[in-house]
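Colleague: Structure incoming, see below.
Please treat every number below as a calculation from the coordinates, not as lab data. The structure presented is a predicted model; accordingly, all values stated were derived computationally and were not measured. All Cβ positions, even for glycine, are placed from backbone atoms using ideal geometry, and neighbour counts span all protein chains on display.
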Amino acid sequence: QVQLVESGGGLVQPGGSLRLSCAASGSFFSISVMGWYRQAPGNQRELVAAITSGGSTNYADSSVKGRFTISRDNAKNTMFLQMNSLKPEDTAVYYCHAGIDTGWGRPDDYWGQGTQVTVSS
């Protein structure tokens, strides 16, 4: 059974930094695109950034450009989100997503359980 497990969330003051991790475990053949989404109270879940297996990145949320960096370690099936210069409006539950091929020849959607990020003084 494939699982995505996030870690690294928490409470940080404005201007601070956090690094989120997402590790995939279980039996699978490959991971294609991975991404970080976030959902603030009362809002829909939205894509923050995504990264392909080849390392190409897309920062879908313009508010994080220059502050957040997405990366992945394919050998360890792990993705990261380095978040710097955090603002109160970055407060949300952050979810990891991955397209994972478990042997059917196509990537299926998998989600992590979410990790809370709170930016407050």
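Colleague: Positive end of the dipole of the chain, charges at C-beta (+1 Lys, Arg; -1 Asp, Glu), about the Cα centre: which of Thr78, Gly35, Ser121 has its Cα farthest in that direction?
Modeller: Ser121
Colleague: Then there's this: Quick check for me: using +1 on Lys/Arg Cβ and -1 on Asp/Glu Cβ, what's the dipole size of the chain about its Cα centre, in debye to the nearest 20?
Modeller: Computed about the Cα centre, the dipole is about 240 debye.
Colleague: Counting other Cβ atoms within 10 Å, which chymotrypsin sites (Phe, Trp or Tyr not before Pro) in the stretch 11-56 have at most 16 and lie in a DSSP loop?
Modeller: Phe29
Colleague: Sequence gap at least 6, Cα distance under 8 Å: using those rules, report the relative contact order of the chain to the nearest whole percent.
Modeller: Dividing the mean separation by the residue count of the chain yields 36 percent.
Colleague: Also: For the stretch 96-110, in order, what is each residue's ³J(HN,Hα) by Karplus, 6.51 cos²θ - 1.76 cosθ + 1.60 with θ = phi - 60°, in whole Hz (x at glycine and Pro)?
Modeller: 8, 10, 8, x, 10, 8, 9, x, 8, x, 8, x, 9, 7, 10
Colleague: Related question: Within the chain, what is the longest stretch that has no trypsin sites (Lys or Arg not before Pro) placed in a DSSP loop and near at most 16 other beta-carbon atoms within 10 Å?
Modeller: 68-121
Colleague: Restricting to DSSP loop positions (anything but H, G, I, E, B) with no more than 16 other Cβ atoms inside 10 Å of their own Cβ, which chymotrypsin sites (Phe, Trp or Tyr not before Pro) remain in the stretch 49-115?
Modeller: Trp104
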